[in-house]
Structure formats: structure tokens, C-alpha cells
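One structure below.
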Amino acid sequence: MFVDSHCHLDFPELAAQLPEILERMRGNHVAQALCVSVNLPDWPRLMELVRGHDNLWASVGVHPDYEDTPDPTVEQLVELAATPKVVAIGETGLDYYRLTGDLTWQRDRFRNHIRAARRTGKPLIIHTRSAAEDTLRIMEEEGAAEVGGVMHCFTESQAVADAAIAMNFHISFSGIVTFKNARELQEVARNIPLDQILIETDSPYLAPVPHRGKLNDPSKVIHVAEKIADLRGITVEAVAEASTKNFFNLFKDIQR
Ligand SMILES: [Zn+2]
Ligand SMILES: [Zn+2]
């Protein structure tokens with residue numbers, strides 16, 4: 001059994017073909033998927049989608065790339081996180097790649113998500129791009145280790161992975177690990193303790209090889225597992241079993 005720890009099934013390009021995607025998930029033994037929130041205006045749409053399906057779950061949060069969108073208060077996040085089927089806070093974090101200039105607002109928003117996670121006891125889904133140093137510093141300053149969570153779509157160094165693991169975070173690999181030019185990341189995927197690994201698609205983006213460049217969906221998470229198994233010289237079943245177990249341990253509000 002496989003699980004997709006991070007996808008965006010409510011995005012229109014995927015929502016439009018949901019029955020086919022759910023069918024493909026069944027065919028590939030992808031049993032569960034966590035549908036991750038990116039902003040509050042679209043959040044009702046996300047909740048409607050997960051409420052209709054026993055094997056879909058949600059988070060609540062505002063992505064760092066969404067600049068012109070209402071910023072949630074800690075209280076608001078805490079309140080929304082109490083909604084049934086919400087199992088995590090995020091995605092949140094820092095992205096200095098997509099946006100530049102004074103990003104104080106991004107750091108403030110990130111801090112509020114960590115505070116809300118600590119208030120609710122729910123784990124964090126963290127996005128970091130070209131901002132690893134500040135991301136780790138803010139995690140440290142805000143006590144993110146108390147709730148832990150996942151560094152999603154991981155593309156950073158072994159040192160960053162080690163620092164996140166020391167703060168009680170899992171490392172989640174996406175289709176990027178299957179790309180030919182991802183040598184350094186493949187080395188990280190070889191070295192991370194198996195009990196800290198999660199797998200994800202981040203669909204509709206980042207389709208793994210052999211589907212690179214096409215529309216991604218949660219059924220394709222099996223290719224991420226296959227690549228990690230290949231890199232580590234273990235069976236895909238072993239990767240599936242460990243990443244699924246880690247997923248249920250971390251997102252403890254998910255009922256199987
Ligand atoms: Zn992300
Ligand atoms: Zn995402």
C-alpha cells in the first residue's frame with residue numbers, strides 16, 4: 001500500500017478528472033492522499049472535495065507564494081484546524097525563489113502557522129525554496145520541534161535534512177528525486193533513515209519519470225517509491241511499508 005503525503009487534487013486540472021484519478025490510485029494501490037491547502041479563499045472547495053471521499057484528507061494554511069491573499073491569524077488557523085478531516089497545518093514556509101524584495105510578511109505568516117500548529121498539536125507541512133537558513137532559524141525560534149511535521153518536496157542538502165530531522169521533522173521526496181540531474185538529492189534519499197521518509201507527488205506539478213512533463217496525480221507516487229527503493233537497494237514494498245507507516249504516525253488524526 002502507498003500513500004501520497006502531498007497533493008493538490010482540488011486544483012481545477014485535477015478536480016476535472018477526479019473519478020479517473022481515484023480509479024488510477026486504486027489500480028496502483030495508492031490508498032490515501034493528503035490534499036494540501038494553499039490559501040483560504042479556495043479552502044472551502046478543498047474541504048468539499050475531501051469530505052466526499054474516505055481516503056482523502058486536508059490541511060489548512062496559506063502558501064508562501066500567495067502574496068495577494070488574506071493572511072490568516074493564529075486564531076483563525078486554530079479554529080479552521082478543528083474542522084473534521086483536517087490533519088495538518090500548512091503548507092507554510094518560505095520561498096525566496098519565486099518572490100523577492102522585502103519578504104518580512106512571509107516570515108510573519110510562517111511564524112503564525114507554527115504558533116497555530118503548537119496550539120492545535122497538529123503537524124506542520126513546510127515548503128522551503130532558496131530559503132533554508134531562514135526556514136530552519138524560524139522553526140528553531142518558534143519551537144516547531146514540539147509538533148514536528150514534514151519538509152515537503154525536499155530539494156535541500158543533507159545538512160538541512162539532518163537539521164530538520166533533529167527538530168522532529170520527516171523528509172518528503174517528490175518526483176524530483178527521479179530526475180536525471182538530481183544527483184545530490186538522490187544521495188540524500190539514500191542516506192535518510194527509513195523511518196523519516198515520506199513520499200509525495202505535489203501533483204498536479206512535478207510528474208516523476210517516466211511521466212515527466214505531463215500532468216501529475218497521486219497514482220504516480222509509486223514511481224517516487226520505486227526510485228528510492230532503487231537508490232537504497234531495497235524492495236519497493238519496503239519503501240511503501242515504511243513511508244506509509246511514517247505517514248500514519250505523523251498525521252495521527254487520519255483514520256484508516
Ligand atoms: Zn510546496
Ligand atoms: Zn504543494
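Since every read-out is calculated from the coordinates, none of them should be taken as a lab result. These figures come from a predicted structure and were not determined experimentally. Because the Cβ atoms are built from the backbone with ideal geometry, glycine has one as well, and the counts that use them run over all protein chains shown.
The table below lists the values:
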read-out: Over region 195-256 - Rg/Rh using Cα atoms and the Kirkwood inverse-distance radius; value: 1.00
read-out: Estimated translational D of region 142-256 in µm²/s (Stokes, Kirkwood radius over Cα pairs; 20 °C; 1.002 mPa s); value: 151 µm²/s
read-out: Cα-based Rg of region 70-140 normalised by 2.2 N^0.38 Å, two decimals; value: 1.10
read-out: Debye log10 I(q)/I(0) for the chain, one point scatterer per Cα, at q = 0.07, 0.16 Å⁻¹; value: -0.20, -1.19
read-out: Relative contact order, percent, the chain [alpha-carbon distance under 8 Å, six or more residues apart]; value: 20 percent
read-out: Where Cα atoms sit under 21 Å apart: lysine pairs in the chain separated by 8 or more or lying on different chains; value: 11
read-out: Debye log10 I(q)/I(0) for region 45-93, one point scatterer per Cα, at q = 0.16, 0.28 Å⁻¹; value: -0.47, -1.12
read-out: Calculated FRET value between residue 133 and residue 31, using beta carbons and R₀ = 51 Å, to 0.05; value: 0.90
read-out: Among 103, 224, 1 - extreme Cα towards positive end, dipole of the chain, charges at beta-carbon; value: 1
read-out: Rg/Rg_ref, region 80-200, where Rg_ref = 2.2 N^0.38 Å and atoms are Cα; value: 1.04
read-out: For region 107-149 and region 17-47, distance of Cα centres in Å; value: 24 Å
read-out: Within region 159-215, trypsin sites (Lys or Arg not before Pro) in DSSP loop having at most 16 other beta-carbon neighbours inside 10 Å; value: 180, 212, 214
read-out: Sorted largest first, extent of region 1-89 alpha carbons per principal axis (Å); value: 41, 24, 20
